[in-house]
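A quick write-up on the structure given underneath.
Nothing in this text is a laboratory measurement; each read-out follows from the coordinates by a stated rule. Computed from a predicted structure; not experimentally measured. Cβ placement follows ideal geometry from the backbone for every residue including glycine, while neighbour counts extend to all protein chains displayed.
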């Protein structure tokens, strides 16, 4: 049986959140010499990859990609691919923190504003007391600061580098410096630090179960409507997509 389902040419592994975290746990425990880049691919990234060759190459080179969006899952099912479920950056991060709390993994948190970054780490320290927060830095740095941040991360050698710089910038940033970061795993997590810090309210479970998390976010943040326009365009193009 094919272990991958293609959506607009991008091969998504047919794995659950449980299996994803299991694989990442193995990567951490195996002490791989190279950074393992995890990309949670949403419809926006999928669409961007159709025109942006550099972004597509970053996705193709990733150690693991996951389906971060119910639209990707539904298109896959309609086309016979059968991706089992969404695997979001936020959910993956929470599960990695849970496992890291049991095994004493180290994390570095890069992104969000200074106050949110600090608050997020404080919350994590209380909820996951055995997690080693090796370091952190806000996401509002300048190009002049970038080298120092990379050197700091490389010196700390975290098990997990969490990058909350927004997609696809986070993915580009990780790829640019992946040979110098010294982490075992790096993953872009969008606005997850804002949610953990309490700056943005987490989507209630009932909205997640109904697969309308996008609607909840839109109602909470009407300014997102421009971003949401990509969803119907993605659905149409993905369902009609033919390999070149």
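Some notes on this structure:
- Protection-proxy order for peptides 156-162, 82-88, each taking the mean of Cβ atoms within 10 Å per residue, highest first: 156-162, 82-88
- Cα gyration tensor category, rounded, prolate or oblate, for the stretch 127-176 with a/c compared to 1.5: prolate
- Relative to the current alpha-carbon distance between residue 98 and residue 150, full extension at 0.36 nm per residue lengthens the span by 16.1 nm.
- Approximating the spin labels as points 7 Å out from Cα along Cα→Cβ, the residue 53-to-residue 115 distance works out to 4.5 nm.
- Taking the fewest neighbouring Cβ atoms within 10 Å as the starting point, the ordered list for 172, 242, 77 is 242, 77, 172.
- Among 36, 141, 109, residue whose mean-square fluctuation peaks in a GNM of the chain (springs only between Cα atoms under 10 Å): 141
- Burial ordering of 120, 49, fewest other beta-carbon atoms within 10 Å first: 49, 120
- For the residues 135, 188, 80, a GNM of the chain with alpha-carbon springs under 10 Å puts the largest fluctuation on 80.
- Cα shape, the stretch 61-217, gyration tensor, a/c 1.5 rule: prolate
- Estimated inter-spin distance, residue 199 and residue 236, nm [label 7 Å along Cα→Cβ]: 3.5 nm
- Share antiparallel - DSSP beta bridges, the chain, percent rounded to 5: 15 percent
- Prolate/oblate/rounded label for the stretch 16-144 (Cα gyration tensor, a/c 1.5): prolate
- Between the C-alpha center of the stretch 50-95 and that of the stretch 121-177 there is a gap of 22 Å.
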